[in-house]
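In what follows, a structure is listed as structure tokens, so that the remarks can point back to it.
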Amino acid sequence: MPFLARFSPFRAYRDLRQFFATRQSYHYRFMALSAAIVVALFFGFVHDSKEKREYKRNIIYVEQWPLSRTDAEIKAQQAIDQVAKEKRLAEEDRLRKERQAQFKKVDDQLKALGI
């Protein structure tokens, strides 16, 4: 690392002073303007990245069953649960088709515009 062996803070300070001494005043204004733009963009991205998510409860209820339960009781409960499951799946399918229709409508509008 021969470069760091020749490094001197005094020479670096002297070079920095000479660099800024030879500049015109408009150089400083443009440098400050460009630095302000970069800082504004940086803080804009930082501010935009902080998104607060809506808190949703996700409660899972568990049923407890006795070990002495018969196969008939299990099949009866499964039949009851199957009806509830089919209702839930039908509702999800309906919502999915509504959403799909909304996207199709937007797609048709974009096609009409030539996009």
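Condition check ((1) in contact with a His (Cβ under 9 Å, 6 or more places away or on another chain); (2) open to solvent by 80 Å² or more (accessible area, probe 1.4 Å); (3) polar (S, T, N, Q)) across all residues:
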{"site": "Phe7", "(1), (2), (3)": "no, yes, no"}
{"site": "Gln18", "(1), (2), (3)": "no, yes, yes"}
{"site": "Ser25", "(1), (2), (3)": "no, no, yes"}
{"site": "Val38", "(1), (2), (3)": "no, yes, no"}
{"site": "Ile60", "(1), (2), (3)": "no, yes, no"}
{"site": "Gln64", "(1), (2), (3)": "no, yes, yes"}
{"site": "Thr70", "(1), (2), (3)": "no, no, yes"}
{"site": "Ile74", "(1), (2), (3)": "no, no, no"}
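For the range 65-74, the criterion of being out of contact with any strand residue (DSSP E or B) (no Cβ under 8 Å at 6 or more places or on another chain), hydrophobic (A, V, I, L, M, F, W, C) and not in a helix (DSSP H, G or I) is met by at least one residue. For the range 45-54, the condition of being assigned to a helix (DSSP H, G or I), surrounded by 10 or more Cβ atoms within 10 Å (Cβ to Cβ) and not hydroxyl-bearing (Ser, Thr, Tyr) holds for none of the residues.
The values are calculated or read from the model by the stated rules, or taken from the named source; none is laboratory data. Keep in mind that what you see is a predicted model, and the values were worked out from it rather than measured. So basically every Cβ, Gly included, is an ideal-geometry build from the backbone, and we count neighbours across all protein chains shown. These accessible areas exclude ligands, DNA and RNA; they are computed on the full protein's heavy atoms, side chains included. Shrake-Rupley method; radii C 1.70, N 1.55, O 1.52, S 1.80 Å.
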